[in-house]
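The values are calculated or read from the model by the stated rules, or taken from the named source; none is laboratory data. Since the model is a prediction, treat every value here as computed from it, not as a measurement. Cβ placement follows ideal geometry from the backbone for every residue including glycine, while neighbour counts extend to all protein chains displayed. Note: accessible area is taken over every heavy atom of the protein model, side chains too, but ligands, DNA and RNA are not part of it. Shrake-Rupley method; radii C 1.70, N 1.55, O 1.52, S 1.80 Å.
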Amino acid sequence: MSTTTRVFELDDHRGRREDRLRKTLALLAADPRRARLASQLADLMSRIGGDRAMLAWVDEFDADQARAHLVVDLIRDVPRRNVDLAPITEAWDRGVPGVLDLPQVRLADRSTQGSLAVVSLGSDGRRAWFAVIEGSYRRAPLGAEQIDMLTFRTGALAGTLLHPEVGIAFDGWRSFGFDPEQPDGEIPERILVRLMVMRFLRALVADDFVMHAEELEERVDLLGDELRGWGDDLEGALWRRIVDAGGAGNLDALGRACLDLGERLAHTGELESAIEAYGVAYEVASVQGDADRGGFVARRLGRAHRNAGAWTESEQWYRTSQELARVLGDAGAEAITLDGLASTQRVKGALPAARRTLARALELAKVSGSGYALGSVHQGLFTLSAIAGERERAVQHGWSAVEEYETAQDQLRALVSVAGLLLESGQGELAERTYQVILRHVEEPYYRLFALDGFAHSAALRGHRAEYLARCERLEAEDWRAAGPDFEGQVYLYRGRAWEAFGEFDRAREWFARALDFAETHRLTATLFSAEEGLERIESAGSAAAAPQPAESDVGSTEFILDRIERADRRLAGVGG
């Protein structure tokens with residue numbers, strides 16, 4: 001092997017080590033305390049030589065196992081979490097700070113000799129904590145100055161570490177439909193079991209996913225007995241997957257189950273609980289060093305926090321996802337993340353910032369060549385333009401989204417948005433044509449319901465009362481309330497507008513009032529404002545309270561829109577476009 005080849009291999013080795021460190025720090029960036037601890041561990045490795053550093057702990061009341069809390073591993077993509085108890089115990093016996101230096105030692109997970117340094121950091125009352133720095137190769141013993149340096153710097157690390165841990169209490173009662181402050185409030189059985197599983201997840205995280213065997217078995221058996229009574233419904237299956245994966249110590253399965261649970265809870269509007277589930281999924285991704293999944297879950301956390309009105313937390317999670325995408329060199333993922341960040345900026349009223357963010361997202365999406373990223377960003381630009389009153393530009397972005405997306409499901413979702421804007425613009429005939437295309441091809445129940453509701457409203461805008469009632473009956477035949485609070489609020493709002501269009505203002509008032517009450521209860525800001533505007537129109541104008549009908553030029557050329565509707569229909573039918 002030539003000298004040049006060896007140099008290239010060494011550079012590649014160093015580059016991979018640096019990439020793994022960047023990935024670890026990016027995964028931990030959402031938690032400043034843990035990110036600082038990881039940086040301090042990396043600094044220790046660079047000073048004494050090493051390629052794995054960790055914070056480990058031992059239960060002072062049951063010291064039969066050492067457990068890894070936080071790991072920085074420069075030579076494995078999935079950080080190794082094995083900990084040898086013997087050197088931990090020896091360091092503890094030396095006091096605090098007790099330094100154990102083993103410059104030549106056979107490492108537990110390999111057949112060759114390496115090096116090990118262990119420093120006892122102190123106790124938080126329940127756990128004894130240690131810093132462990134491991135090297136793959138033998139080294140010289142640490143000198144007196146190096147030991148002084150190690151003692152000093154691990155003292156700073158201990159100062160960061162030894163603060164009260166977040167407890168395992170779960171405060172998601174209201175998101176499960178129960179208010180513990182209500183008098184005479186007994187906890188419904190299903191809610192109680194859900195809370196028990198959430199507490200189990202919190203306990204797993206607190207124990208760094210290595211719970212004591214007897215406690216783990218007891219918890220799993222108890223929860224298994226409770227969940228068996230739920231039958232085979234989808235919710236019960238999700239909770240059982242979590243308990244089974246946690247009991248088996250299968251982190252990959254646990255992370256996927258928590259992600260799936262978070263998706264379901266977010267869909268049903270149980271946002272606090274969704275954030276809990278997503279949070280555990282992110283913890284698992286972090287432990288496994290999985291930056292790709294971590295970035296995806298961080299985006300979900302950004303969305304859930306936005307929908308809950310926690311804009312600062314939402315932006316922080318999107319920034320975390322963005323950094324992970326950069327570490328991976330994934331321009332498409334970064335574009336999708338910026339699209340989500342722009343949505344948060346838009347919702348909180350920072351429209352210029354949202355526009356700048358989307359402009360950068362579009363650049364990245366074009367670089368990536370990802371149809372999904374391009375479609376997502378165009379859909380974000382569609383929403384922003386619509387809110388800014390730029391309806392013709394919004395329609396153009398909407399059709400760009402339809403045509404950039406690569407799957408029929410995504411194309412139909414974008415098409416539902418375009419049809420909704422046409423409806424909001426008073427273009428009943430164009431909206432109706434668009435909804436007809438959607439209903440011919442859509443299979444996803446959630447978007448089928450949106451299309452049915454919009455299809456009914458388009459008849460009202462055209463003044464066809466009998467057709468409107470018939471289409472409402474078609475919607476009522478579906479289990480439409482299961483689509484979640486966003487959709488339910490829209491149904492009430494659209495019915496108010498429909499009766500307003502027919503000139504039946506008493507009925508319109510009833511539906512607008514119902515939409516307003518529902519929006520206040522479920523924190524649906526856009527629906528709330530629209531319902532208030534509907535009530536104001538009726539009260540201020542009386543019998544003349546007809547909603548304004550925008551001109552067709554408000555959304556651009558009718559010929560252009562009809563052409564795009566036909567192209568979308570052909571493409572969805574597989575004929576081409």
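Put a plus charge on the Cβ of each Lys and Arg, a minus charge on the Cβ of each Asp and Glu, and nothing anywhere else: the dipole of the stretch 393-519 about its Cα centre is then about 360 debye.
Heavy-atom accessible surface of the stretch 471-514, averaged per residue, reaches 45 Å², computed with a 1.4 Å probe. Across the stretch 149-160, computed HN-Hα scalar couplings (Karplus, 6.51 cos²θ - 1.76 cosθ + 1.60, θ = phi - 60°) run 4, 5, 5, 5, 6, 6, x, 5, 5, 4, x, 5 Hz from first to last residue, x flagging Gly and Pro. The stretch 219-283 to the stretch 289-307: how many Å between their Cα centroids? Cα centroid of the stretch 219-283 versus Cα centroid of the stretch 289-307: 17 Å apart. Here's how it looks for residue 121: its modeled amide H is under 5 Å from those of 129, 130, 131, which are all 5 or more places away or on a different chain.
Phi-derived couplings, Karplus 6.51 cos²θ - 1.76 cosθ + 1.60 at θ = phi - 60°, listed residue by residue for the stretch 19-34: 5, 5, 5, 4, 5, 4, 5, 5, 4, 8, 4, 5, 10, x, 5, 5 Hz, with x used for Gly and Pro.
Computed over the alpha-carbon pairs of the stretch 468-512, the distance histogram in 5 Å steps reads 6, 23, 25, 26, 16, 4, 0 percent, short to long. Of the solvent-accessible surface of the stretch 402-502, computed with a 1.4 Å probe and all protein chains present, 42% belongs to carbon and sulfur.
Hey, what's the stretch 258-302 come to in accessible area per residue, 1.4 Å probe, Å²? Kindly include the intermediate steps, with their values, before the conclusion.
Values: 1190 Å² over 45 residues.
Heavy-atom SASA per residue in the stretch 258-302 reads 26 Å².
Since only 513, 57, 295 are under comparison, the one whose Cα sits farthest along the positive direction of the charge dipole of the chain, derived from C-beta charges on Lys, Arg, Asp and Glu, is 295.
On a per residue basis, the stretch 353-444 carries 39 Å² of accessible surface, using protein heavy atoms and a 1.4 Å probe. Here the dipole of the chain is about 1920 debye; that uses its Cα centre as origin and unit charges on the Cβ of Lys and Arg (positive) and Asp and Glu (negative). Across the chain, Cα-Cα pairs more than 44 Å apart make up 32 percent of the total.
When the solvent-accessible area of the stretch 292-358 is split by element, carbon and sulfur atoms take up 47 percent of it, the probe being 1.4 Å.
Calculated translational diffusion coefficient of the stretch 345-496 (25 °C, 0.890 mPa s; Stokes-Einstein with Kirkwood radius over alpha-carbon pairs) equals 152 µm²/s.
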